[in-house]
Amino acid sequence: KPRIVILISGSGSNMLTIVDQVTNGTIDAEVAGIICNEPEAAGVQRARDRDLDVSVIDHRGFTSREEFDVALMRTIDDYQPDLVVLAGFMRILTPDLVRRYEGRMLNIHPSLLPKYQGLHTHRRALEAGDDLHGVTVHFVTEVLDDGPNVIQAVVPVMDGDTEETLQKRVQLQEHIIYPIAVKWFVEGRLEMVSGLATFDGKPMPDTGVK
Ligand code: GAR
């Protein structure tokens, strides 16, 4: 079975939706391990509660991003993954690491990319007065929060929304689309070919949401 490694920094809710779908057979793969850079993250305990193999690598124990990423790559490689899933992993990755897993590393970002790369996406969508907001799953390439889109979900921005209410609406969609993308990948339907995401061998259509 294809082996998946999931990298987290926080509550791990996206990790759990993927783990659940592996457990119930919707995704035909094996979760080889969970890696977290935050020792106190709630996701660490949640993963251990499910008897998953968890590796904690505290980035504060390293003097440079490069040194941390070398340790991270070693740990990832120990799990021999076919797919690396970034699920709220809040560290910027070095080009070396990104290149190593190019074409087999996915990320989820809480905006309609290419809009709002970086942090505080919900706040920025609210401040801009956007009617629509959403979330993107994309292949990871060397540019931060860039790389070919795989799947997006759009949500309305409602009157009276706060960062929190908007974030919750987006996260409901995250939990739907991320397992779908992972399922497509492990079934060999989703691939990155010459910098483009392809589905069943055909380029993914541009969603047109900019
Ligand atoms: C998710 O909402 C994800 O979109 C976001 O972190 C959250 C993690 O939640 N990712 C980013 O902001 C990446 N730049 P979770 O730990 O409950 O899955």
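The values are calculated or read from the model by the stated rules, or taken from the named source; none is laboratory data. Everything quoted here is computed from the prediction, not taken from an experiment. All Cβ positions, glycine included, derive from the backbone under ideal geometry; neighbour counts span all protein chains shown. Each accessible area value is taken on the protein alone, full model and side chains, heavy atoms only, with ligands, DNA and RNA left out. Shrake-Rupley method; radii C 1.70, N 1.55, O 1.52, S 1.80 Å.
Of all the residues in the range 121-144, those that are open to solvent by 20 Å² or more (accessible area, probe 1.4 Å) and not in a helix (DSSP H, G or I) number 9. Contact map, the range 1-26: first residue closer than 18 Å to Leu93 by Cβ, second residue polar (S, T, N, Q), Cβ cut-off under 7 Å, separation 6 or more or different chains; pairs are Ser9/Asn37. Comparison of Ile151, Ile76, Ile176 shows that the only residue that is open to solvent by 60 Å² or more (accessible area, probe 1.4 Å), in contact with a strand residue (DSSP E or B) (Cβ under 9 Å, 6 or more places away or on another chain) and more than 12 Å from the ligand (Cβ to nearest atom) is Ile176.
Exactly one residue among Leu83, Leu106 is more than 16 Å from the ligand (Cβ to nearest atom), under 12 Å from the mean Cα position of the chain (by Cα) and of a type outside the set (Lys, Arg), and that residue is Leu83. Can you work out which of the residues in the range 88-103 that are open to solvent by less than 40 Å² (accessible area, probe 1.4 Å) and under 12 Å from the mean Cα position of the chain (by Cα) is farthest from Pro156 (Cα to Cα)? Ranking the qualifying residues of the range 88-103, first place goes to Phe89. Selection over the range 1-48 of residues that are among the small types (Gly, Ala, Ser), touching a strand residue (DSSP E or B) at 6+ places or on another chain (Cβ under 6 Å) and near the ligand (Cβ under 9 Å from one of its atoms) gives a count of 1. The residues on offer are His133, His109, His138, and the sole one that is over 20 Å from Ile4 (Cα atoms) and modelled with pLDDT of 95 or more is His133. Kindly indicate whether Val84 is surrounded by 13 or more Cβ atoms within 10 Å (Cβ to Cβ) and outside any helix (DSSP H, G or I). Taking the combined requirement at face value, the residue satisfies it. Applying the criterion of being assigned to a loop (DSSP other than H, G, I, E, B), at negative phi and not hydrophobic (A, V, I, L, M, F, W, C) to the residues of the range 27-58, the residue that is least open to solvent (accessible area, probe 1.4 Å) is Asn37. Among the conditions (1) within 12 Å of the ligand (Cβ to nearest atom); (2) modelled with pLDDT of 95 or more; (3) assigned to a loop (DSSP other than H, G, I, E, B); (4) not small (Gly, Ala, Ser), Gln167 misses just one, which is (3).
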